[in-house]
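Reviewing the structure listed below.
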Amino acid sequence: MSPSYNHAYTHARLIAELSKNESHSVFSELALDIGKDHIPDISVYPKRKIDWLNDEVKVSEMPLLAIEILSPTQGSKELIDKFKIYFEAGVKSCWLVIPVARSVIVCDAPDRSTTFFDRDVVDNALGLNLPIKAIFD
């Protein structure tokens, strides 16, 4: 998978917007220790302190939220299959962000999702509310 211009732009916008919530810590490309490596585009944790002397290459604590951004070279099934693994590992919510459709699919359970494209993104599992325009405008 090779991230595109729109993927990178969307990634940056999401991190900027999510970082406004001071009760969470937002990470980019953080390797989760789930059997083989799984690296969501963005991971959101409860506020975490950074230990500059003891870095982690793979994180065993699962994030509250894992976000995957669809690239032009990826299929959505590949990312939905990742969501199943994330949920089994203890992730509370997964988002599939689709830049070409300027939409976000919020999965707050393995079998339940809501698509947002013309209104704020709401994740009831985490109590997050994100203006869709902050991501795609």
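Each value in this text was obtained by applying a stated rule to the coordinates, not by laboratory testing. Here the structure is a predicted model, which means the values were calculated and not measured. Note that we place each Cβ from the backbone using ideal geometry, even for glycine, and neighbour counts take in every protein chain shown.
Odds and ends about this structure:
- Here is the tail figure for segment 23-101: Cα pairs spaced more than 14 Å apart come to 62 percent of all pairs.
- Dipole of segment 9-133 computed with +1 at Lys/Arg Cβ and -1 at Asp/Glu Cβ about the Cα centre; of VAL97, SER60, GLY35, farthest Cα towards the positive end is VAL97.
- Pair ASN124, ASN21: separation of 7 Å Cα→Cβ label points (nm): 1.6 nm
- Averaging 1/r over each pair of different alpha-carbon atoms in the chain and inverting the result gives 15.1 Å, the Kirkwood hydrodynamic radius.
- When the pairs LYS20/LYS58; LYS82/LYS133; LYS20/LYS49; LYS58/LYS82 are compared against a 19 Å limit on Cα-Cα distance, LYS20/LYS58; LYS82/LYS133 fall above it.
- Length gained on full extension, SER113 to ALA31, computed as 0.36 nm times the residue gap minus the Cα-Cα distance: 27.1 nm.
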